[in-house]
C-alpha cells in the first residue's frame, strides 16, 4: 500500500510593509472559516493524519482501555459544607460528565441531584460550564453553558425547590457569576467584540434582560473585568485588571442596587487583590516596588488607607491569601514549591502547613464557610494521587478525607521522583521535575518527554496523572521544565520570560533538554518535546531554533502566528496581550518578536517528527494559526518525517469535554509519542 500523500494548501500571497520590511503571508486565506475551501483543507489534513496514524489504532485502543481501567468510574467527591447543606459531585460508569448533588446535613437525609451535566449535554458534541453558583439561600442555581467551545456562554437559572429552569436567560456572556445576599440578584459579565470581558451587569430574577443594569464598564482594551463574592458574604467585588495593573470596587452584597465603592485607583505597575474579614480589607499587592508581593490591610471605612500586615520577605513569593473570620491562609512559594501559611487575624500567631516530597503541588480548595476552623486542600505529587485533606487550624493536624483510587494495582513504590536544577546559558538554574519507573539506569536509552508552558506567570505543578502511567510503564521518563515565563521561582521568573525576555523561555527549554541528555536520562533520538497554547509557541520556537535536539514535538493548540495576531486588535485577547509579548506596531517590539515568532521563522531545512492539534472553535488561539504554520512547514521542510495536523471540528481551546472523549484524545497523542520513539528507535 502506498504511503498517504500530505495535503498542500493553496497559496494566496498577501503582502504588507512593516517597519521597512516587506512581510509575505501565503496562507492568510485560511482565516476565513466560512470559505468551503478552508473547511475542505482542514478535513484533508484530518484525513491525512488518520491515514498516517491508522497503524497505531490498536495501540490507541489499548491505551484508552488501560487508562480507563485505572479510573474509578463510579465515584463521589468529598462533600463540601455550605450552611446546613452538603454539596458534592459524583460520576457514574458510562457517563461522560459529573452529576452535581446535595443533601441536608442531617441523619437520614436523601440526595437531591441539582444538575446532571450528562442530561443537559445530550445531543451536544461539546458542553462546558463557565460558571456554577448556588444562591446564598440555596434556592437557585445559576450556570453558564457553552455548547461549541467558543466560550460565548448562556446564562440559565434553576429553581432548586421545583427543579424547573426559570425563564431568566442571557447569551453571549463571559466567565463569572456572583449572587447578592438576597438570593434574587445576580451579577454577570459580557464581552466586547474582541471577547474581552468589559462589563458587569445586575439581573433581578423574573426581569427580562432588557431591564438588566450595567454596574461597571471598562472601555480600556488592556483591562479585563471580573466579578466575585467575598467568602464573608459582605461584598461583591468588581475588578478590572491588566497584566500589570488592577482596580477594584466593592459593592455591598446586602444592598445590590447601591453604587460600588472604589478601593484604590489603578496605577501603572501596581497590582492588588482584595478580600475581606471583619472591619478590614486585606490586599495582596506589589505596591512600593515589592516584586514578590506582600499583604496589606485597610479599614473598610477607609479602603485607600493601606497599612502593612505581612511584609515582603527575601526568597518568598506570596501567591494569594484566603480570608476567614479568625485567620488567613496565605499561599507562599519558596524554592519553587508551595507552602500554606496560617496566620491569626487577632495576634501574631502564624504557622506553616508543610509537605514531604521533593516535588509536589497543593491546591487550596473552595472552603466556602467563613467561620470555619478547618480548611481543606488537595495534595498531589508525581507519584501521589490527588489527596483531599481537612486541616484543623487549632490542633494543627490533618485528616485524609479521600485519596483518588488508581485501579489495577498501582504501587507508588515502583516509581521515583527527582527534582533537578538545570543550568541555563545565562547562569540561571531552571528546576526540572522528573518521574519514572524504577530502577533507572542513566545510560541514555530511556525515551523522555520534556513538557513546559512558560507564560503568563502560570505554574505547572508537578502533580499526579493516572494517564501518564501508560507512558511510565512503557519506559518513558516524564519531565517538567519549570522555565522562565511561569512564576515557579517568583515574579522575577515570570518577568524574565515575557516581552523582551521571551527568548529566555526558549533557551531555558533547550538548555533543560541538553541537561537531561548530558546527565544520560535520555538521548536526543528518544526525546519528545510537548507544550500547548503559549507552550505551543514554545514548541514552534524550539522547532526553528533547536529542533535537531528532539526526536519529536507535540504542539497542542499552539500560539504560533505571533506577529500577525498581535497586529490585529480585532482578534480575541490581542490588545491586552501587548503587555505579554509586545506590540509589533512598535519597531523595537517587532524586531524582538521577529527573532522567535514560529510562523515567521519557519526555515528551509529538516524538522523533527511533529503532531499539531487544534480546535476549529478555539477563541483563544484561533485554528488558523496552527493551520497556517503546518501549511508553511509542509513547503519548507526537507525531511520525510511525519507532520500531522489534527483539527477538532467541534471543540475549542480545551479540546473534548466528556471524560471518555478526552481520554481518546490523550490516547492518540500518546500513541504518536510511543510510535515515534519506542517503535521507531
* Asked: If each of residue 474 and residue 112 carries a label point 7 Å out from its Cα toward its Cβ, how far apart are those two points in nm?
  -> 4.8
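Over all directions, the average projected area of the alpha-carbon convex hull for the chain comes to how many nm²?
30.4
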* Say a paramagnetic label sat at a point 7 Å from the Cα of residue 167, along Cα to Cβ; which residues of the range 197-214 have their backbone N under 16 Å from it? -> 204-212
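Given the rule -39500 (n - 2.57) for each run of at least 4 DSSP H residues, summed and divided by the residues of the chain, what is its mean residue ellipticity at 222 nm, to the nearest 500 deg cm²/dmol?
The per-residue figure over the chain is -5500 deg cm²/dmol.
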* Points 7 angstrom from Cα along the Cβ direction at residue 93 and residue 69: gap in nanometres? -> 1.5
* Asked: Looking only at Cα atoms, what is the convex hull volume of the range 557-636 per residue, in Å³?
  -> 93
* Relative contact order [Cα under 8 Å, 6+ residues apart], the range 469-551, whole percent -> 21
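Among 670, 100, rank each residue by its count of other Cβ atoms within 10 Å, from fewest to most, as a rough exposure measure.
Neighbour counts put them in this order, fewest first: 100, 670.
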* For the range 31-111, report the translational diffusion coefficient in µm²/s to the nearest whole number, using Stokes-Einstein at 37 °C, 0.692 mPa s, and a Kirkwood Rh over Cα pairs. => 191
* Structure fact -> Taking the range 322-376, the equivalent ellipsoid from its C-alpha gyration tensor has semi-axes in Å, biggest first, of 21, 14, 8
* Ranking of 55, 203 by count of other Cβ atoms within 10 Å, fewest first -> 55, 203
* Asked: What percentage of all Cα-Cα pairs in the range 218-362 are separated by more than 21 Å?
  -> 46
* To do: Averaging sequence separations of C-alpha pairs under 8 Å and six or more residues apart, then dividing by the length of the chain, give the relative contact order as a whole percent.
  => 10
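Figure the gain on full extension for residue 82 and residue 659 (residue separation times 0.36 nm, minus the Cα-Cα span) and round it to one decimal in nm.
Result: 205.0 nm gained on full extension.
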* To do: Can you give me the P(r) profile for the range 117-190? Cα pairs, bins 10 angstrom wide beginning at 0, each as a whole percent.
  => 20, 53, 25, 2
* Two-site label geometry, residue 16 and residue 357: point separation in nm, points 7 Å out along Cα→Cβ -> 4.7
* To do: In Å and from the alpha-carbon atoms only, list the Rg and Dmax of the range 458-562.
  => 13.8, 41
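First measure r as the distance between the Cβ atoms of residue 279 and residue 348, then evaluate 1/(1 + (r/R0)^6) with R0 = 25 Å and state the FRET efficiency to the nearest 0.05.
0.85
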* Asked: What list of whole percents do you get for P(r) of the range 252-298, with Cα-Cα distances grouped in 5 Å bins up to the one holding the largest distance?
  -> 5, 18, 24, 23, 15, 9, 5, 1
* Asked: How long are the semi-axes of the ellipsoid equivalent to the range 124-270, from square roots of 5 times the Cα gyration tensor eigenvalues, in whole Å, largest first?
  -> 25, 20, 12
* Asked: Which whole-number value in Å³ per residue fits the convex hull of the alpha carbons of the range 539-580?
  -> 75
* Structure fact -> Relative to the compact-globule estimate 2.2 N^0.38 Å (N residues), the Cα gyration radius of the range 6-154 stands at a ratio of 1.63
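List the equivalent ellipsoid semi-axes of the range 41-86 in whole Å, largest first, each obtained as the square root of 5λ for an eigenvalue λ of the Cα gyration tensor.
The three semi-axes for the range 41-86 are 41, 18, 5 Å.
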* Structure fact -> Put in order of increasing Cβ neighbours within 10 Å, starting from the fewest, 538, 440, 545, 450 give 440, 545, 450, 538
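None of the figures in this text is laboratory data; all of them are computed from the coordinates on show. Everything numeric in this text was worked out from a predicted model, so none of it was measured. Virtual Cβ from ideal backbone geometry, glycine too; neighbours counted across all protein chains shown.
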